[in-house]
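Novice: Sharing a structure below in structure tokens format, with a few things to ask.
The values are calculated or read from the model by the stated rules, or taken from the named source; none is laboratory data. Being a predicted model, the structure only gives us computed values, none of them experimental. Positions of Cβ are generated from backbone atoms using ideal geometry, with glycine treated the same way; all protein chains shown enter the neighbour counts. Heads up: the accessible areas ignore ligands, DNA and RNA and are worked out on the full protein's heavy atoms, side chains in. Shrake-Rupley method; radii C 1.70, N 1.55, O 1.52, S 1.80 Å.
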Amino acid sequence: MVDARVSWAVAGPMVIGTSPDSGWGFSNIPPIDELARQAANRRLDTLTKPQGALGQLEPLAAQVCAIQGTLTPAISNPIAMVFAADHGVADRGVSAYPRAVTEQMVKNFLAGGAAINVLAKLQALELWIVDAGVDADCGTHPRLIDAKIRRSTRDFVERAAMTPDECRQALNRGRDALEQVAVPLANTVIFGEMGIGNTAASALLMHGLTGYPLADCVGRGTGLDDPGLARKRATLEAAVARRAPPRDPVELLTEFGGYEIAMLTGAMLAAAAHRMVVVVDGFTVTVAAALAARIAPSVLDYCIFGHCSAEHAHRALLAHMQVSPLLDVGMRLGEGTGGALALSAVRAAIALFTDMATFDGAGVSGKES
């Protein structure tokens, strides 16, 4: 399931802070407990059900056991973090909505009126909003983390979206934001995003990461019509004509990424370093997970992919990464909503694992030889 390594990841983990040209200070990601996974699988086979009858919930429960190093796993003080930023390329009409919607939705999050607010309340999630680079003053709020690098990235059709220093800052600020709200109490985090134009950036990043044809990486995002989709494809083709996607993940982020995507990448690496369960939302957050896996492949051991977005490239990216989403209900909202919904499945997998009776304990006959 989600313990597979991506075939295109660099050989062996590369930890930010140990290479000669980085020095960004990310901690090593510890290996998950494979003995706990094996013990969990043995227990799953003794429960009062046919072997494998719970489908994906069985390897999911075993994965959580391996992450937490225990046969009594639990979700404790879960949080959701939504990283928000604007994109210079949005002014070229690559989204069905204007750039101003990023700021407006951040204020909607803080007022409690968005879908993620509803699901966070339903799931008892502590919700945090991170201003990674919104092109506005988002004000102050107890649930708002001001990590702004700059008001929007630059237009990557004309030049790199970020400077190398800004990209490094974003990776570090993502780490710092995660540690600020999660350590030491939370053991589970759901990542989401908000940023008009970020599926355009994500498409270019996916193209660079996978080598898939650019056209296969570009979708309708917030609901573009056919002329809008054609305009989006032409815009991204112009960006690639300016600069072929670099192989190095941080250079790729610098050229075509967004501040929220870079912070998501840093936050995921930090969450894995703290042995947290990481629930990945839709297309853009999965792109951030793929970037994190290029930096440190072991980060994927900590990731649960919550759902498959209706953004058509997301399904292809998940398949390329050799990971399986828990849900496929046609959502394409972002904000962490698919991840929040999937948390119910994670909780169910844990409850079934810990609370079901065994054949011997219940006096039920097992499968005949």
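Novice: Can you name the residue in region 82-105 that is among the aliphatic types (A, V, I, L, M) and surrounded by 24 or more Cβ atoms within 10 Å (Cβ to Cβ) and, of all such residues, is farthest from residue 146 (Cα to Cα)?
Specialist: 94
Novice: Scan region 50-70 and report the pairs whose first residue is closer than 14 Å to residue 35 by Cβ and whose second residue is open to solvent by 40 Å² or more (accessible area, probe 1.4 Å) and of a type in the set (S, T, N, Q), with Cβ atoms within less than 6 Å and a gap of 6+ or a chain change.
Specialist: Pairs that qualify, where the first residue is closer than 14 Å to residue 35 by Cβ and the partner is open to solvent by 40 Å² or more (accessible area, probe 1.4 Å) and of a type in the set (S, T, N, Q), are 62/41.
Novice: If you take the residues in region 291-319 that are of a type in the set (A, V, I, L, M, F, W, C) and part of a loop (DSSP other than H, G, I, E, B), which one is farthest from residue 201 (Cα to Cα)?
Specialist: If we take residues in region 291-319 being of a type in the set (A, V, I, L, M, F, W, C) and part of a loop (DSSP other than H, G, I, E, B), then 296 is farthest from residue 201 (Cα to Cα).
Novice: OK, next. Can you tell me which of (1) more than 14 Å from residue 81 (Cβ to Cβ); (2) in contact with a Phe, Trp or Tyr (Cβ under 9 Å, 6 or more places away or on another chain); (3) buried (at least 23 other Cβ atoms within 10 Å of the Cβ) is the one residue 150 doesn't meet?
Specialist: (3) is the only condition that residue 150 fails.
Novice: Residue 9 passes all but one of (1) surrounded by 17 or more Cβ atoms within 10 Å (Cβ to Cβ); (2) modelled with pLDDT of 50 or more; which number fails?
Specialist: (2)
Novice: Same structure again: Of all residues in region 347-364, which are under 25 Å from the mean Cα position of the chain (by Cα) and of a type in the set (Val, Ile, Thr)?
Specialist: 350
Novice: For region 155-171, which positions are basic (Lys, Arg) and within 23 Å of the chain's Cα centre (by Cα)?
Specialist: 168
Novice: While we're on this one: Hey, residue 323 hits all of (1) surrounded by fewer than 16 Cβ atoms within 10 Å (Cβ to Cβ); (2) in contact (Cβ under 8 Å) with a residue 60 or more places away in the chain; (3) in a loop (DSSP other than H, G, I, E, B) but one; which does it fall short on?
Specialist: With respect to (1) surrounded by fewer than 16 Cβ atoms within 10 Å (Cβ to Cβ); (2) in contact (Cβ under 8 Å) with a residue 60 or more places away in the chain; (3) in a loop (DSSP other than H, G, I, E, B), residue 323 is out only on (1).
Novice: Residue check: is residue 77 open to solvent by 10 Å² or more (accessible area, probe 1.4 Å) and assigned to a loop (DSSP other than H, G, I, E, B)?
Specialist: Yes; evaluated as a whole, the condition is true for this residue.
Novice: Filter region 42-70 down to the residues that are part of a loop (DSSP other than H, G, I, E, B) and in contact with a Ser or Thr (Cβ under 8 Å, 6 or more places away or on another chain), then identify the one that is nearest to residue 227 (Cα to Cα).
Specialist: The extreme case among them is 56.
Novice: Could I ask something else about it? So in region 329-350, with the set limited to residues that are free of Cβ contacts under 8 Å to residues at least 60 places away in the same chain and surrounded by 15 or more Cβ atoms within 10 Å (Cβ to Cβ), which one is nearest to residue 82 (Cα to Cα)?
Specialist: In this case the residue turns out to be 338.
Novice: A further question follows. Go through region 115-166 and give me each residue that's in contact with a strand residue (DSSP E or B) (Cβ under 7 Å, 6 or more places away or on another chain) and in a helix (DSSP H, G or I).
Specialist: 116, 117, 120 - these are the residues of region 115-166 that are in contact with a strand residue (DSSP E or B) (Cβ under 7 Å, 6 or more places away or on another chain) and in a helix (DSSP H, G or I).
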